[in-house]
Amino acid sequence: MAQDLSIDPDVAQVRDRLLAAVRRRYGERAGIENLVSATLGGSNRTVLFDFNDDRASTRRLVLRQETYALAQSPFLAPHPQFRLLKIAHRAGIPVPEPIFELDDDDGLGRGYIVACVLGETLPKRLVNDPDFSTARARFSAQCGEILARLHALDPVAAEFLADVPDSLDPVAAQTARYDSYAQTHPAIELGLRWLHLNRPTASKPCLLHGDFRNGNLIVDHGGIRAVLDWECAHLGDPMEDIGWLCTRSWRFGYPDRPIGGIGTRKEFATAYAANGGVDVDWERVHWWEVFGLVRWAVLNVMQAHGHIGGQRRAIPFAACGRNTCVIEYDLLMTLSGEYD
Amino acid sequence: MSRNWPTVDEIMATVDELLETIVDRLDERDRYDALCARYLLDVGRRELAVGKVLDAQELRELQSFTGESGSLEELHKNLGQSIRAGRYDEQWQQVFELVLAHVVNNVSVSRPDQLEPHHRKAKESTQDSS
């Protein structure tokens, strides 16, 4: 995951400006060291660094910089992300502690700094490594507890998300993004048509994480320590977050374990209800799982579009383009009833 | 083109050999890129082997299903627009099977290991006979 500063141009570019940003806020004796760049993310660049000043001991922090700001971006800008992190942190939901937000004077673009939370995020390790057996035993229940607490928050606090396309109409939001990439995928069209024809009635909107799944959770040997990646948050049906969590693409080789390739629906629903959540409507969740497969397919089209168009050229994004058909396969097999 | 050595398959195999040789010496991010590159080479090899056959098959199937003529790209685009407009709502199962067959073709090129055994077997027998 880490790269040496001396060979990482990404980190070299931000070092001086990050130091200046820290000193503007914490004084001239503040310092940074041990910068490393994390793996390229879908919408953000992540740089880890040690922060110290003359009062506190060294603290590991994380810089998140926006890297995808094109039209039809499905991702929230850093400012509302940072506001959400503060809301969640205040509510006791496990998130990295928000430290400060970048501003124009920092010259680092849009982004923010949060505390580093140690643990593992790689799904394959979480589903297979014997060291995480205790964490796996608690995983579904912890997911249920965290989502129930998030969905119980007063959505008025996140009213700034009301105009996000996904808050207004998630199917229309996916359709608009898909159309903007000007690619033809009849399987995605079938998925969108099915969603349109089978749409459930509207529900009372809750604050949704929008990307709550195995891969966006920091887990240590004892369980989930932090929920990452709030750039898809919006207001909507709480079953949407549950459907996305259960979407087949996030089962990582264990399709019979719908909660992140680790746990059962029953474990999740029991914990969700015990922590104030409503009874899980699994029929509704199924609709959102289909939606999740359409959404994930569209996101992969987006990555290939960014690569081919040159805006975000990266080998993994090229691979995403060829991964789209695999998601379409899962989508059609789910619609046919061969996959649950 | 067969008079040119190495053949395109051999060129791709050669590049893949290089990636395989160096992948474990790379840091984690470059290693991930190299693994993605090896995956893309695999896709390219499979597409070179069967892509034209699959395209011709899909064109025939689309022409037969829609009764339209045009390029594969045009017919796919028309099919997508018709699905969105609801023109196939009454023929859902038929259009579903057509689209699934084409998705299975694409997966057989991109990630054949992800196909269920009955789709994998059907693909292998189709490609053997072509």
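The values are calculated or read from the model by the stated rules, or taken from the named source; none is laboratory data. All values derive from a computational prediction rather than experimental measurement. No Cβ is skipped: glycine too gets one built from the backbone with ideal geometry, and neighbour counts run over all protein chains shown. SASA here: full protein model, heavy atoms, side chains in, ligands and nucleic acids out. Shrake-Rupley method; radii C 1.70, N 1.55, O 1.52, S 1.80 Å.
Placing a label point 7 Å from the Cα of B:Leu72 along the Cα-to-Cβ direction, the residues of region A:184-199 with a backbone N closer than 19 Å are A:184-189.
Each label point was placed 7 Å from the Cα along the Cα-to-Cβ direction; for A:Tyr339 and A:Ala20 their separation is 4.9 nm.
Each 10 Å bin, from zero up to the one with the longest distance, holds this percent of the alpha carbon pairs of region B:6-107: 13, 32, 21, 19, 13, 2. 3J(HN,Hα) along region A:299-306: 5, 5, 4, 4, 5, 5, 4, x Hz, from the Karplus curve 6.51 cos²θ - 1.76 cosθ + 1.60 with θ = phi - 60°, whole Hz, x for Gly and Pro.
Each of A:Gln13, B:Val43, A:Gln303 was placed along the dipole of the protein assembly as shown (beta-carbon charges, centred on the mean Cα), and the one lying farthest toward the positive end is A:Gln13.
Of the trypsin sites (Lys or Arg not before Pro) in region A:280-334, the ones in a loop by DSSP (not H, G, I, E or B) with at most 11 other beta carbons within 10 Å are A:Arg313. Shown in residue order for region A:212-220 are the 3J(HN,Hα) couplings computed by the Karplus curve 6.51 cos²θ - 1.76 cosθ + 1.60 at θ = phi - 60°: 7, 7, 4, x, 10, 10, 8, 10, 10 Hz (x for Gly and Pro). Within the shell defined by Cβ-Cβ distances under 15 Å, the residues around B:Gly70 carry a net charge of -4, with Lys and Arg each +1 and Asp and Glu each -1. Straight Cα distances below 28 angstrom link A:Lys204 to the lysines A:Lys86, A:Lys266, with same-chain residues fewer than 8 positions distant left out. Counts of other chain beta carbons within 10 angstrom of each beta carbon in peptide A:333-339 average 2.
Principal axis extents of the Cα atoms in chain A, from largest to smallest and rounded to whole angstrom, are 62, 46, 42. Computed extension gain for A:Gln311 through A:Lys266, at 0.36 nm per residue and net of the alpha carbon distance, reaches 11.9 nm.
Think of it as helices only: each DSSP H run of n ≥ 4 in chain B is worth -39500 (n - 2.57), and spread over all residues that comes to -26000 deg cm²/dmol at 222 nm.
Here the 3J(HN,Hα) profile of region B:112-121, calculated from phi with Karplus coefficients 6.51, -1.76 and 1.60 at θ = phi - 60°, is x, 5, 8, 6, 5, x, 5, 6, 5, 5 Hz, Gly and Pro shown as x. Sorted largest first by accessible area at a 1.4 angstrom probe radius, with every protein chain in place, the residues A:Thr46, A:Thr201, B:Thr14 fall in the order A:Thr201, B:Thr14, A:Thr46. Note on A:Asp163 and B:Ala85: their simple-model spin labels are 3.5 nm apart, each label 7 Å out from Cα toward Cβ. Here the label points at B:Gln93 and A:Gln13, each 7 Å from Cα along the C-beta direction, are separated by 5.5 nm in the simple model.
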